[in-house]
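Everything on this sheet refers to the single structure shown next.
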Amino acid sequence: DQQVKQNSPSLSVQEGRISILNCDYTNSMFDYFLWYKKYPAEGPTFLISISSIKDKNEDGRFTVFLNKSAKHLSLHIVPSQPGDSAVYFCAFNAGGTSYGKLTFGQGTILTVHP
Amino acid sequence: NAGVMQNPRHLVRRRGQEARLRCSPMKGHSHVYWYRQLPEEGLKFMVYLQKENIIDESGMPKERFSAEFPKEGPSILRIQQVVRGDSAAYFCASSPYDSWTEAFFGQGTRLTVV
């Protein structure tokens, strides 16, 4: 039962361009949405989040968009930098910001070329 | 302030042996979460603990797996009689209270069962 899908296993982008990572979900109970970044041999690092009452949240080069009707979450990185190369996971919670039973996507490997 | 410390980083066990994975949360953090990442998959929730209490273990396999977070010392994830399918990366995260915006992951323990 895959409640979360990151359909693109990998994404390759030129430095300075926009990176767009996507997640689709099926569980209507999800009300808090997060993005994590993970380098090899390290744990995931929290990047940005959004609650279900919003449709957009911005933090510097990172913007998260939520389309509740389509059950679609996306992360935009502008401009992309080589240091952004990592695996990106979307994660979903049904308990707001609390109760850490997150459901993770499978991950998208982002490669940013100089 | 040291981050979430997991040890060992790599653990090799023969089938049938026991594996003990340790997680020392960040100073001041009393909430610990364990996640497992199988190859080519996202992280899957296993258990959520507070000091001396298991809050939610709905992601733990029914047999062979147990977790504790004693009043003193690290949280321990114990896997008895390991099988090849237990080979995975095990991550713990800690937070000062029940909030995912304040949680940090450790670097993980990679368990290999031979």
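Things to note:
- When residues of segment A:50-68 are limited to those that are of a type outside the set (Lys, Arg) and either touching a Ser or Thr at 6+ places or on another chain (Cβ under 6 Å) or in a loop (DSSP other than H, G, I, E, B) (or both), the one nearest to residue B:35 (Cα to Cα): A:52
- The residue that is nearest to residue B:85 (Cα to Cα), among those in segment B:36-49 that are more than 13 Å from the chain's Cα centre (by Cα) and surrounded by 13 or more Cβ atoms within 10 Å (Cβ to Cβ), is B:38.
- Residues (touching a residue at least 60 places away in the same chain (Cβ under 8 Å) and assigned to a loop (DSSP other than H, G, I, E, B)) located in segment A:20-40: A:27, A:29, A:30, A:31
- Entry remark, segment B:6-63: residues being at positive phi, more than 10 Å from every other protein chain (Cβ to nearest Cβ) and charged (D, E, K, R) number 1 in total.
- Residue selected from segment B:67-92 under the condition free of Cβ contacts under 8 Å to residues at least 60 places away in the same chain and not in a loop (DSSP other than H, G, I, E, B), by the criterion surrounded by the most Cβ atoms within 10 Å (Cβ to Cβ): B:77
- Subset of segment A:81-106 that is assigned to a loop (DSSP other than H, G, I, E, B) and modelled with pLDDT of 95 or more - its residue that is farthest from the other protein chains (Cβ to nearest Cβ): A:81
- Pairing residues of segment A:8-19 that are at pLDDT below 95 with residues that are surrounded by 13 or more Cβ atoms within 10 Å (Cβ to Cβ) and part of a strand (DSSP E or B), at Cβ distances under 7 Å and at least 6 apart in sequence or on separate chains, gives A:8/A:22; A:8/A:108; A:9/A:108; A:9/A:109.
- Positions within segment B:1-19 being surrounded by 13 or more Cβ atoms within 10 Å (Cβ to Cβ) and assigned to a strand (DSSP E or B), in sequence order: B:5, B:6, B:7, B:11, B:12, B:13, B:19
- Yes/no for residue A:78 being modelled with pLDDT of 95 or more and either farther than 17 Å from residue A:12 by Cβ or more than 10 Å from every other protein chain (Cβ to nearest Cβ) (or both): yes
- Residue check for residue B:97: assigned to a strand (DSSP E or B) and either within 12 Å of another protein chain (Cβ to nearest Cβ) or over 11 Å from the mean Cα position of the chain (by Cα) (or both): no
- Within segment B:20-35, the set of residues being buried (at least 22 other Cβ atoms within 10 Å of the Cβ) and part of a strand (DSSP E or B) comprises B:21, B:23, B:31, B:32, B:33, B:34, B:35.
The values are calculated or read from the model by the stated rules, or taken from the named source; none is laboratory data. Keep in mind that what you see is a predicted model, and the values were worked out from it rather than measured. Because the Cβ atoms are built from the backbone with ideal geometry, glycine has one as well, and the counts that use them run over all protein chains shown.
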